[in-house]
Amino acid sequence: MKNIFGKIITVAAASFALVSCDLNLFPEASVVYKKGDVILTSEDDITASHNAIYLYFRGLVGGFYNTLEELQFDGFNATLDYGNNYGAIHRTDDTFTASDQDIDSYWGNFYLTMKNYNVTIEASQNVADDLKDAARFLKGEAMVARAYSYLQLARHFGKDYDPATAETDPCVPLITVYDQNKKPERASVKAVYDQIKADLDSAYVIFSQLEDEDWSKANAMYFTPDVVRALYARYYLDVHEYAAAADTAVAVINSGRYELSADAASLKAVYEAGTGKEAIMQLFASRQETPNGYSVYADYNTDKRSSTGFAYSCLYLPSKKLMDLYDNNDFRKINWFKQTTDNPLIIQGNPINNVYIFSKFMGDPNLNADGFQHGRIAPKPFMISEMYLIAAEAYAQDGNSTKAKQYLNQLQNKRKATLTSASLENIQKEWLKETVGDGMRLSCAKRWGVGFNGRQPQTNAVDIIMSTPASSYAEKVMEPGANCLCWPIPSYEIQITPSLEQNPGYGTNN
């Protein structure tokens, strides 16, 4: 069969341009598409729609979409210069409400892209015969993107998947057909996860039937069978199908297409240069089409207040609790946490030395015209290290401690960390060490049923972090199962659709 992938994946870099995701750009009275419209009439239309899928997908990966939940937990402390950026979710006190603009943006942007995926899926089924193969492949791509979106929404706004209550626990509105006037109610957790599985099943069949061979590879810019497998592994772990989660993750590991870095320098290059074979998927990025950034953690630039002429600025610093998880020789500590020595951290106009900053996402200097690192890296939504963690956790949950230890130790060995037993506690610690900054803290906390008791700052950072009131900052406590583990449905959505049920702890629907 002809190679559909090679035919339609011919995207010029110029086609990638991040666009606004403001829902207000699409007023209720406008008519963009209605079922039955023929909008894919040529190969150019197929290619344009393919480009659009990755444009929207890339816009919702990394940066803000990871950082928001990371700052909710105990891994980071707000500095005196944080300016209340992400303040409400960092504190999760009574200022964290359904009117929070960050939460509203997260929800709204995912649902806006869902509209585009739904239109693409529907339109791909109404094409001329000579476009059917390419349009079907396009449909598969849109289904992968939709499955990813619903998994993200479910993990943030719905309860953890409990097989005993999933059929009645509320999740998020399930919209699979474009209808700009529809005001849907929240579907159950089970219904949303069932839709995720259905989309992945359909996409996997399409990819398998239309391609001569598996085109999965390290650093793939587009969806591949291994990307689908990685999403399957997340799905199976969430729904407690542990044998399937382990089998799927191990299949990706055993493919031989991906490798954990051999040394500290190689791990550094994965994030600063986009090289190596750790990324199952690595999206396009350039100086002109910059990715979502991470400058909230660390920015580096010229500064006359520094004796060297260069300095760092940070809104948040890694906590002592986070730093204490790592051995000193761990490649992750060496590369992802930089101690300010020669070049200081500037806080409140003063140079601060001997403090660790979070440098995992300092960035690729080639993505900035000035050649400095400003928190921009090519987005990496799926990494091979996650597959090791899923395999270890799934095997442990399934009672296979031997296999769990095998995959946990393989990851630890490659990171030069101390090898441990495969207790759930040790596996959880490894998740935190490996995926810090990757936007997985919320789903992990829900899945494990844990909270935290304080987020002590680094010893040398006590005087430069927010400390009043202490109960909202350094002494913050989050109980297991806390209401804030389910983010609030945005108040605007409640206003326009009063039938939407608000999550507990955020007031009524009025």
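The values are calculated or read from the model by the stated rules, or taken from the named source; none is laboratory data. Here the structure is a predicted model, which means the values were calculated and not measured. All Cβ positions, glycine included, derive from the backbone under ideal geometry; neighbour counts span all protein chains shown.
Here the stretch 127-180 is the region considered, the condition is being within 24 Å of residue 381 (Cα to Cα) and aromatic (Phe, Trp, Tyr), and the residue that is nearest to the chain's Cα centre (by Cα) is 148. Here are 313, 307, 295, 286: which of them is under 23 Å from the mean Cα position of the chain (by Cα) and farther than 23 Å from residue 218 by Cβ? None of the others qualify; the one that does is 295. Filtered by the rule that a residue be out of contact with any Lys or Arg (no Cβ under 8 Å at 6 or more places or on another chain) and either surrounded by fewer than 18 Cβ atoms within 10 Å (Cβ to Cβ) or not hydrophobic (A, V, I, L, M, F, W, C) (or both), the stretch 132-157 gives 132, 136, 139, 140, 141, 146, 148, 149, 150, 152, 156.
Filtered by the rule that a residue be out of contact with any helix residue (DSSP H, G or I) (no Cβ under 7 Å at 6 or more places or on another chain) and either within 24 Å of residue 320 (Cα to Cα) or charged (D, E, K, R) (or both), the stretch 393-411 gives a lone residue, 405. Checking each residue in the stretch 488-507 for being loosely packed, with under 15 Cβ neighbours inside 10 Å and at pLDDT 95 or above picks out only 504. Taken as a whole, the condition of being assigned to a loop (DSSP other than H, G, I, E, B), out of contact with any Cys (no Cβ under 8 Å at 6 or more places or on another chain) and assigned by TED's automatic domain parsing to the domain that holds residue 266 does not apply to residue 371.
Would you check if residue 199 is part of a helix (DSSP H, G or I), touching a strand residue (DSSP E or B) at 6+ places or on another chain (Cβ under 7 Å) and not hydrophobic (A, V, I, L, M, F, W, C)? For residue 199, the condition - part of a helix (DSSP H, G or I), touching a strand residue (DSSP E or B) at 6+ places or on another chain (Cβ under 7 Å) and not hydrophobic (A, V, I, L, M, F, W, C) - is not met. Can you spot a residue in the stretch 89-100 that is among the acidic types (Asp, Glu), farther than 30 Å from residue 39 by Cβ, surrounded by 20 or more Cβ atoms within 10 Å (Cβ to Cβ) and modelled with pLDDT of 95 or more? The answer is yes; a qualifying residue exists. For the residues 402, 420, the requirement of being assigned to a loop (DSSP other than H, G, I, E, B) and of a type outside the set (Gly, Ala, Ser) singles out 420. The criterion of at least 3 residues that are surrounded by fewer than 18 Cβ atoms within 10 Å (Cβ to Cβ) and in the same structural domain as residue 417 (by TED's automatic domain parsing) is met by the following helices (runs of 4 or more DSSP H) wholly inside the stretch 250-360: 264-272. Based on what the data block shows, is residue 121 aliphatic (A, V, I, L, M) and in contact with a Lys or Arg (Cβ under 6 Å, 6 or more places away or on another chain)? So residue 121 fits the description; yes.
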